[in-house]
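A short write-up of the structure that comes next.
The values are calculated or read from the model by the stated rules, or taken from the named source; none is laboratory data. Everything numeric here is computed off the predicted structure, so don't read it as measured data. Cβ coordinates were reconstructed from backbone atoms using ideal geometry, including for glycine residues, and neighbour counts include every protein chain displayed. In case anyone asks, the SASA skips ligands and DNA or RNA and just uses the protein heavy atoms, side chains included. Shrake-Rupley method; radii C 1.70, N 1.55, O 1.52, S 1.80 Å.
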Amino acid sequence: MDVSTTPSSPGRFTSESIETMAITLRQLRVFVTIVHEGSLTAAAQALHLTKPAVSAALAELEKRYGHRLFDRHHNRLFINDLGRQLLPLADELLGRAATVEQLFDRHTQLSGKLRIGASYTIGHQLLPSLLQGFRRLTGHTDQQVTIVNSATIGEALNAFELDIGMVEGRIDHAPLMARTWRHDRMLVAAAPEHPLVGRVATVADLEHQQWVLREPGSGTREQFMHFLAARLEHWQTALELNATEAIINATAAGMGLTCVSELEARHALADGRLRELEIDLAMPRQFHLITHRDKYISPLLARFIDFCHHPDGDTSRPHAPA
């Protein structure tokens, strides 16, 4: 059965209602896994259980509460409003249970899987060395990294499929909280032979130019729209790509200008494949750490967030404000 979203159904899940029911962690783990994996079959594989066992655990959970958490239609499961209410509570209970287990584990300071979503610039340029430092400091090695655009990370956080997101710019979803993390800047780059290279250009000089851009939904595209497109009356997309290295190569080949992160363009600028245009416009941007407001901040997640802010181990400096 596939799991999809359907309009809300009556009833409400609260922490009080959960306390009055004999719900087991196994049932909650089955429920959360079904939502994350998308079907009973995939959930059974992830949990190393048979499909009938997963189906029975879900049926017992729904029976104990007296309401269905999924609507059934043509052999498919559609999570309903009660299911969506239960999801953050179940995620928190499972996280707290893992924390309790750690109290009795003398050999492992931090345990559990850390699910990280990173936008492309952060995932390619910052996260590898950051994870290596975190592993060296804590000994924790069970991290799952997903590198996608910022909008997709926001959707995954809302569905509790990720523990934390690391994105460029903000994500406008009410249930999500953003912590300012690092700073970067955007720049306009061109092939070395472009006529605007070598002189100070104005925003007006960028009118009627062809642009090689990231796809809508990416933080980089959002920054282009905010800083440049809003100031230009006429601009055209020469090529749209979802990989920055491909954008750099297309721009170096003369297919148009691009608006790119200084962090990602630094190697192409250093080796002369690209040249930065001197324009009379500052384009700063911020990187953010994103979590769901209802997400239980486990000791593992809290340690990772702290390490992101203080990778050198100096915790005396305050975190940047959200």
Highest GNM mean-square fluctuation among 151, 252, 270, for the chain with Cα springs under 10 Å, belongs to 270
Around residue 304 (Cβ within 14 Å, Cβ-to-Cβ, excluding residue 304; K/R +1, D/E -1) the net charge comes to +4
Give the longest segment of the chain that steers clear of GluC sites (Glu not before Pro) in DSSP loops with at most 13 neighbouring Cβ atoms within 10 Å, not counting the sites themselves. 1-192
So, taking all protein chains as they sit and a 1.4 Å probe, how much accessible area belongs to residue 68, in Å² rounded to tens? 140
Which value, in Å² rounded to 10, gives the accessible area of residue 147 with a 1.4 Å probe and all protein chains present? 60
Qualifying lysines (Cα of each under 20 Å from Cα of residue 63; at least 8 residues distant if same chain): 51
The answer for the net charge of residues other than residue 70 whose Cβ lies under 10 angstrom from its Cβ, with Lys and Arg +1 and Asp and Glu -1, is +1
Calculate for the chain the 222 nm mean residue ellipticity that helices alone would give, adding -39,500 (n - 2.57) per DSSP H run of length 4 or more and normalising by residue count, nearest 500 deg cm²/dmol. -12000 deg cm²/dmol
For the chain, built as a Gaussian network whose Cα springs stay under 10 Å, the top-fluctuating residue of 53, 90, 44: 53
The percentage of the accessible area of the chain (probe 1.4 Å, all protein chains present) made up of carbon and sulfur atoms, to the nearest whole number, is 51
Between beta-carbons, use under 14 Å as the cut-off and find the net charge around residue 160, counting Lys and Arg +1, Asp and Glu -1. -1
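Ignoring ligands, DNA and RNA, how do 36, 309 rank by accessible area with a 1.4 Å probe, largest first?
Numbers: 36 50, 309 25 Å².
Descending accessible area places them as 36, 309.
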Using a 1.4 angstrom probe with every protein chain in place, what is the largest-first accessible-area order of 235, 211, 181? 235, 181, 211
Cross-link reach from residue 295 to lysines, straight Cα distance under 22 Å and at least 8 residues apart if same chain, gives 113
Leaving out ligands, DNA and RNA but keeping every protein chain, what accessible area does residue 312 have, in Å² rounded to the nearest 10, with a 1.4 Å probe? 110
